[in-house]
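S.K.: Just passing along the structure, written as structure tokens.
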Amino acid sequence: MKRIAIIGGGISGLSAAFYLEKAHAAGADISYTLFESGQRLGGSMYSDRVDGCLVEAGPDSFLTEKPWALTLCKELGIDDQLIGSNDAQRKTYIVVKGKLVVMPDGLMFMVPTKLVPTALSPLFSWGTKLRMARELMHPPRPMETDETVGELVERHFGAEVVDRLADPLLSGVYGGDANKLSARAVLPRFVEMEEKYGSLSRAMLAAHNKMRAMASKQPPRPLFSSLKDGMQQLVDAIVARLEPSAIRMRTRIRGVYPEGDGWRVAIDMGGNENFDAVIVATPANVAGALLEAVDSDLADDLLGITYSSSVTVTLGYHMDELKQLPPGFGFLVPRSEGTRMLACTFVHNKFPHRAPADKGILRCFLGGARDEAVLNLTDDEILDTVRAELKKIVKLEARPMFARVYRWRGAMAQYESGHIARVERIEKRVKEIPGLALAGNAFHGIGVPDCIREGMNAANAIAQVSVTAATQAR
């Protein structure tokens, strides 16, 4: 029997374990042991209930268009628990000079596809609007260097669009800096569009028309999907399908070492155990430290992937205290506004299932690549900051009936310039090392579906069977 060690119990490691479990049940001669250094599984995916409200500590949903999370939910038999975002309320605001300005209709991830709403919007100056109009004549060009997102967007639309759209949007997704994140890694479709069409607006308009034609043939799907009992429900469903004796909690791994035809896993305070293969599903910096003795170049590349930290603050209110809030999903705050808050989600609008009708939930985000220092504040200092900024931005003076502060140190991988080349080197070297696979948010996407795909692919590579095919044949 092939014995496989999985190091890391976040969603990537859990997904790898689940697909190995399914392959074993379908007849593959394999076993696995999952090692988690902490006291709980699921990483940042954690849901809580407070005063009748569902509170998400980490991700509250996933992109519906990426199939791997939906597929996993179906395989787990919890697809009847899926819920969609309330897209009828899908408005997003940008804070401009202390006021909320709605993103204009037809703006698709910072690219205008409708000129009139953009021209009439107070979100941009007339200089930027004229530049957007001229962008329609932008000629095709190959990207010969690994530009940052900020450089790409500024070439097309100007610095104001970087400040008011690109940077806030990417802060919300990556906790990153548009002037450091790689355009090829973060916005590959934009790079392809520029090479083919030149103008991002013309390219996005063509894509928009194609999507509308497809949508007319099938029911519309929500932008975001989640689960009735929160993202924790996905973690619990996976764990329920795993062999309990295969899970080792509060077990820290010191290193992994090739030994004979297999691997020796050094366990902190627990000696050594031998396995035929290892899946490392930890953050890249942790993986680099674990693999230092295996391959120093591989370790250096892994250690070169940086991470940002974040703080999420969830506040619960009575609905009559939130009457001044506009309809929509929430707002983003450009860094030029000088606040610590990066964004705020009106959870009760995005997912009405999360709160009773008489209560509302605000979820605020701080930190990111430019404000790691916020993690050094006390909970009270963070709450005071958030309340002061909410008062300034949306005139909210009421004290919340509950508040929760969650800190995620080094949680979001930063795909900075050179990321794709770095990942190619990492993957080439891993393929040359028998019995080793990596998984996590450091390589091909940081969202929940991306991490599930990474875990599944690692299980495929190590089990040397198609775990999906093996389970379908059952």
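The values are calculated or read from the model by the stated rules, or taken from the named source; none is laboratory data. Not measured: the values here are computed from a predicted model. Neighbour counts are summed over all protein chains in view; Cβ atoms, including those assigned to glycine, are modelled from backbone coordinates with ideal geometry. Remember, those area values only see protein heavy atoms, side chains included, never the ligands or the DNA or RNA. Shrake-Rupley method; radii C 1.70, N 1.55, O 1.52, S 1.80 Å.
S.K.: Where a Cα-Cα gap under 18 Å defines reach, which lysines qualify for K350, not counting those fewer than 8 residues away within the same chain?
M.R.: K91, K228, K323, K359
S.K.: Could you work out how far helix 126-135 tilts from the main Cα principal axis of the chain, as a 0 to 90 degree angle to the nearest 10?
M.R.: That helix lies at roughly 60 degrees to the long axis.
S.K.: Taking the solvent-accessible surface of protein heavy atoms with a 1.4 Å probe, what is the per residue accessible area of the chain in Å²?
M.R.: Computed with neighbouring chains in place, this is 44 Å² per residue.
S.K.: While we're on this one: Can you return the aspartates and glutamates within cross-link range of K395? Criterion is Cα-Cα under 13 Å, with same-chain partners fewer than 8 residues away left out.
M.R.: Cα-Cα hits under 13 Å: E321.
S.K.: Right, another one. How large is the charge dipole for segment 11-53, taken about the Cα centre, if only the Cβ atoms of Lys, Arg (+1) and Asp, Glu (-1) carry charge, to the nearest 20 debye?
M.R.: Magnitude of the dipole: close to 40 debye.
S.K.: Report the label-to-label distance for R90 and H208 in nanometres (one decimal), using points 7 Å from each Cα along the Cα→Cβ vector.
M.R.: About 1.3 nm, to one decimal.
S.K.: Using 0.36 nm per residue of separation minus the Cα-Cα distance, give me the extension gain between K74 and A266 in nm, one decimal.
M.R.: Roughly 65.5 nm would be gained on extension.
S.K.: Here is a further query. Just going by the charge dipole of segment 133-175, with Lys and Arg at +1 and Asp and Glu at -1 on Cβ, which of P139, V161, Y174 is farthest out on the positive end?
M.R.: Of the listed residues, the answer is P139.
S.K.: Return the FRET efficiency for the residue pair L115, R252: r is the Cβ-Cβ distance, R0 is 56 Å, and the value is rounded to the nearest 0.05.
M.R.: 0.50
S.K.: Classify segment 372-451: rounded, prolate or oblate, from the alpha-carbon gyration tensor (a ≥ b ≥ c, eigenvalue square roots; a/c under 1.5 rounded; otherwise prolate if a/b is larger than b/c)?
M.R.: Verdict is prolate for segment 372-451.
S.K.: Given H placed 1.01 Å from N in the peptide plane, which residues other than close sequence neighbours of L227 have an amide H under 5 Å from its amide H?
M.R.: I83
S.K.: Taking a cut-off of 17 Å between Cα atoms, list the lysines near K2, but don't count ones fewer than 8 places away on the same chain.
M.R.: Excluding near neighbours in sequence, the set is K22.
S.K.: So how far, in whole Å, is the C-alpha centre of segment 258-332 from the one of segment 357-432?
M.R.: 15 Å
S.K.: Would you be so kind as to identify which of F402, Y197, F365 lies farthest towards the positive end of the dipole of the chain, taking Lys and Arg as +1 and Asp and Glu as -1 on Cβ and the Cα centre as origin?
M.R.: Y197
S.K.: Given charges of +1 on the Cβ of Lys and Arg and -1 on the Cβ of Asp and Glu, with all other atoms neutral, how large is the dipole of segment 320-367 about its Cα centre, in debye to the nearest 20?
M.R.: Using only the charged Cβ atoms, the result is roughly 200 debye.
S.K.: Also: In degrees from 0 to 90, rounded to the nearest 10, what is the angle of the helix 67-76 Cα long axis to the longest principal axis of the chain?
M.R.: The two axes meet at around 50 degrees.
S.K.: Counting only pairs 8 or more residues apart or on different chains, how many lysine pairs in segment 109-219 have their Cα atoms under 24 Å apart?
M.R.: Number of lysine pairs found: 6.
S.K.: Considering the dipole of segment 257-416 built from charges on the beta carbon (Lys and Arg +1, Asp and Glu -1) around the Cα centre, which of V280, T345, H318 is farthest to its positive end?
M.R.: Ranked along the dipole, the leading option is H318.
S.K.: Compute the helix-to-body angle for 188-197: its Cα long axis versus the longest principal axis of the chain, expressed 0 to 90° and rounded to tens.
M.R.: Taking the Cα atoms of the chain, the angle to 188-197 is about 60 degrees.
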